[in-house]
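Read-outs throughout are calculated quantities, based only on the coordinates presented, and are distinct from any laboratory measurement. Quick caveat: nothing in here was measured; it's all calculated off a predicted structure. Every residue, glycine among them, receives a Cβ derived from its backbone with ideal geometry; neighbour counts consider all protein chains shown.
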Amino acid sequence: MTNCGQTLNLADANSDEGALSRLIFQESTDLARFGNTFPNSPDVALHNYERELQGVAAVVFNRVYILNSRPDLRTGFGSKGASIADVVYSRGASGTQFAGFTPSGISRGISNRIEATLRGPADSPECNKLRDAINTAQTYRRGIDSKLDSLFALRTAGSGAPGGSFQAVPWVGGSGNDFYTLKKNFLDPRRARRFGWWW
C-alpha cells in the first residue's frame, strides 16, 4: 500500500510554504462536513471547501501585507518585515495568533496528526486534505479577489470575534470557522483606498 507521505512533498515546517500548509490543514474544515451540509449539492460542497482553504491562506497573506505596508498600525499580528512563517508562528506578535502554532513550533497534538496522516493511506480523506492544503499554500496569491483580501482572522464558529477591531464577514456555508475583517474605522478610509483595502 502506498502511504500518504510517498505521494506528497510537504515542505519543512520552518519554511513559509511548510508553515502555511500545516496551518491550512489544521484550521480548515473537512470536506465531509461540507458534504453533510450540502448532501444534494456536491459541487457547492466542493466549492465551499476550496473557498475556505483559500480563506485560511488569505488571513495569513493579508496579515503579512498589512505588517509590511502599514507598520504604523498596532495590529498585534507581528513586526514589520514579518514573513508568512513568522505570522503563522506568532513571532513578534502579541500572543498566539493560531492555536497550536507558537514561536517554539507546532504543538505535539498537531504534529502527531500530520505524522499519522503521512503514514496513512494515500487515498485517505486526511491525505487528500493535506494535499489540498499544500496546493493552496503553493498557489495562493493576494490581489486577485477583493473579498479574500479583506480577511484578517478566523475563529471556531460561534466563538466570537478575536478583538474589538474585527467584524464578522459572511463566508461559506458548512464551515466550522467564522472569518473576520478589520473594522472600517481601524484604517483611515482615504489610506484604505490607497493601499487597496476593501470592506
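Remarks
- Each residue, Ser124 and Asn14, gets one label point 7 Å from its Cα in the Cβ direction; the gap between the two is 2.8 nm.
- Note on the chain: helix-only mean residue ellipticity at 222 nm, from DSSP H runs of 4+ residues weighted -39500 (n - 2.57) and normalised by residue number, equals -13500 deg cm²/dmol.
- Whole-angstrom gap from segment 136-187 to segment 84-113, using each part's C-alpha centre: 19
- Cross-link partners of Lys184 among lysines, defined as those whose alpha carbon lies under 17 angstrom from its own and excluding same-chain residues fewer than eight positions apart: Lys147.
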